[in-house]
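These notes are about the structure you will find just below.
The values are calculated or read from the model by the stated rules, or taken from the named source; none is laboratory data. For clarity, every value in this text was computed on a predicted model and none was experimentally measured. Using ideal geometry, Cβ is built from the backbone for each residue, glycine included, and neighbour counts are taken over all protein chains shown. Note: areas computed on protein heavy atoms with side chains; ligands, DNA, RNA excluded. Shrake-Rupley method; radii C 1.70, N 1.55, O 1.52, S 1.80 Å.
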Amino acid sequence: MAEVEITGLEKTYPGGARPAVRAVSATVADGELLVLLGPSGCGKTTLLRMIAGLETPDAGTIRIGGADITHLPPRERDLSMVFQSYAVFPHRTVARNIGFGLAMRKTARREIEAKVEWAAGLLRLEDLLDRYPAQLSGGQRQRVAVARAIVMEPDVLLMDEPLSNLDALLRLQFRAELKKLLADLGTTCVYVTHDQVEALSLGERVAVMDEGEIVQAGAPLEVYDAPASIFVGGFLGSPPMNFLEAVVDGGAIELEGQRIPAPPGWTAGPVLIGVRAETIIASGTEAADALRAAAEVVEPLGSATLVTALVGGQRLKVQVPADFTVAPGDRLWLRPRPDRLGRYDPRTGLALT
Ligand code: ATP
């Protein structure tokens with residue numbers, strides 16, 4: 001069992017004004033893939049490096065499979081790490097790069113060869129084993145870095161933005177391959193990214209970080225559909241969730257002088273309405289329960305069209321089908337699906353339940 005259990009982890013760098021990681025607790029189940037997601041500087045890498053043993057926490061504990069490893073040196077932890085900068089050795093062949101960790105462990109040559117072949121097969125590197133890194137593409141080099149990590153058959157795999165050096169198309173391809181590979185291997189994995197699409201697509205669970213803290217953790221779609229705060233809703237998803245200033249009054253939502261029915265149970269008072277672009281039904285004809293809006297920008301994406309619309313003085317993004325005819329300046333009627341509306345406290349930015 002390689003469950004990772006983090007309790008009350010804290011880290012402030014010398015001279016740092018604020019903690020890079022504060023009071024972080026999280027559990028990654030055996031075989032689970034947890035994605036740490038957050039903006040640059042939120043503490044993702046610091047958290048990962050503490051799990052790896054490359055940074056010393058100021059407080060808190062890290063357990064793997066129940067054993068406290070907080071103060072063990074990195075090499076005594078049964079884990080492998082893949083870095084963003086894939087750090088392969090330029091003067092070693094692919095085979096020797098992949099087998100490096102095993103050789104350091106004084107594994108028998110036969111066994112190294114067999115395991116390198118196994119890992120190379122999983123990453124489709126069989127035909128490249130005699131090449132040097134300079135003779136590889138970026139995508140192939142990244143595969144070598146992943147092969148080098150999994151060949152060790154670690155209890156826990158730590159990945160820090162492993163796809164960020166690849167171009168968009170390669171990233172898309174490798175993302176799906178990596179997901180299958182990790183599922184097949186069943187290795188417990190903590191995966192750091194600031195790319196929210198990657199987080200949604202890869203993670204079995206996503207932990208969203210902000211200023212050193214985990215602000216929400218859950219299944220990707222759970223977090224996407226019901227963000228706990230306007231920070232999470234604004235960070236996860238492309239486009240970000242729309243937030244509109246409104247007042248709930250007498251069973252209606254009042255927004256820019258217009259009224260639409262409020263979902264049952266909404267109490268009176270000022271709110272920020274949270275609504276995803278794809279949960280708004282747009283129409284060119286007037287309807288009583290829809291908001292009158294004007295199209296400002298129209299962006300065809302191929303699979304759908306993204307419309308920036310103005311409701312009074314407030315802007316929002318609406319996703320319409322690709323065959324929906326709309327041009328800048330057109331009048332639109334927008335009906336947010338009531339079952340997908342969220343409400344947030346305008347003062348704290350936290351979800352109201
Ligand atoms: P990114 O996505 O940009 O890599 P991150 O979320 O991984 O960001 P960290 O690298 O963990 O963030 O950094 C968290 C905070 O700690 C930042 O404010 C950063 O400036 C600071 N920090 C990181 N490493 C050090 C260091 N070695 N010394 C001092 N401060 C550091």
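See the values below:
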{"quantity": "log₁₀ of I(q)/I(0) at q = 0.14, 0.16 Å⁻¹ - the range 262-353, Debye sum with one point per alpha carbon", "calculated": "-0.53, -0.68"}
{"quantity": "On Cα atoms only, tilt of 138-150 relative to the major axis of the chain in degrees", "calculated": "70 degrees"}
{"quantity": "Pairwise label distance in nanometres, Val247 with Arg331, each label 7 Å out on the Cα-Cβ vector", "calculated": "2.6 nm"}
{"quantity": "Segment Asp127-Ala294, length gained on full extension (0.36 nm per residue, minus Cα span)", "calculated": "54.4 nm"}
{"quantity": "Phi to ³J(HN,Hα) by Karplus 6.51 cos²θ - 1.76 cosθ + 1.60 over the range 262-268, Hz, x for Gly, Pro", "calculated": "8, x, x, x, 6, 8, 5"}
{"quantity": "For the chain, size of Cβ-based charge dipole, Lys and Arg +1, Asp and Glu -1, in debye", "calculated": "840 debye"}
{"quantity": "Within the accessible area of the range 231-272 (1.4 Å probe), percent carbon and sulfur", "calculated": "54 percent"}
{"quantity": "Computed magnitude of the charge dipole of the range 115-269 (debye, nearest 20; Cβ of K, R +1, Cβ of D, E -1)", "calculated": "580 debye"}
{"quantity": "In degrees, nearest ten, helix 168-185 long axis to first principal axis of the chain (Cα)", "calculated": "60 degrees"}
{"quantity": "Sum of -39500 (n - 2.57) over DSSP H runs of 4+, divided by residues of the chain (222 nm, nearest 500)", "calculated": "-7000 deg cm²/dmol"}
{"quantity": "Carbon + sulfur, % of accessible area of the range 108-161 - ligands and nucleic acids excluded, 1.4 Å", "calculated": "43 percent"}
{"quantity": "Whether the chain is rounded, prolate or oblate, judged on the alpha carbon gyration tensor where a/c under 1.5 counts as rounded", "calculated": "prolate"}
{"quantity": "Carbon plus sulfur fraction of accessible area for the range 46-103, probe 1.4 Å, in percent", "calculated": "52 percent"}
{"quantity": "Cα gyration tensor category, rounded, prolate or oblate, for the range 90-187 with a/c compared to 1.5", "calculated": "oblate"}
{"quantity": "Cα lying deepest toward the dipole's positive end in the range 56-103, options Leu72, His91, Ala103, charges on Cβ", "calculated": "His91"}
{"quantity": "Separation between Cα centres of the range 7-29 and the range 129-186, rounded to whole Å", "calculated": "28 Å"}
{"quantity": "The chain: most fluctuating residue of Asp78, Asp210, Asp330 per GNM, C-alpha cutoff 10 Å", "calculated": "Asp330"}
{"quantity": "Cα-Cα over 31 Å, subset of Lys44/Lys180; Lys11/Lys106; Lys11/Lys115", "calculated": "Lys11/Lys106; Lys11/Lys115"}
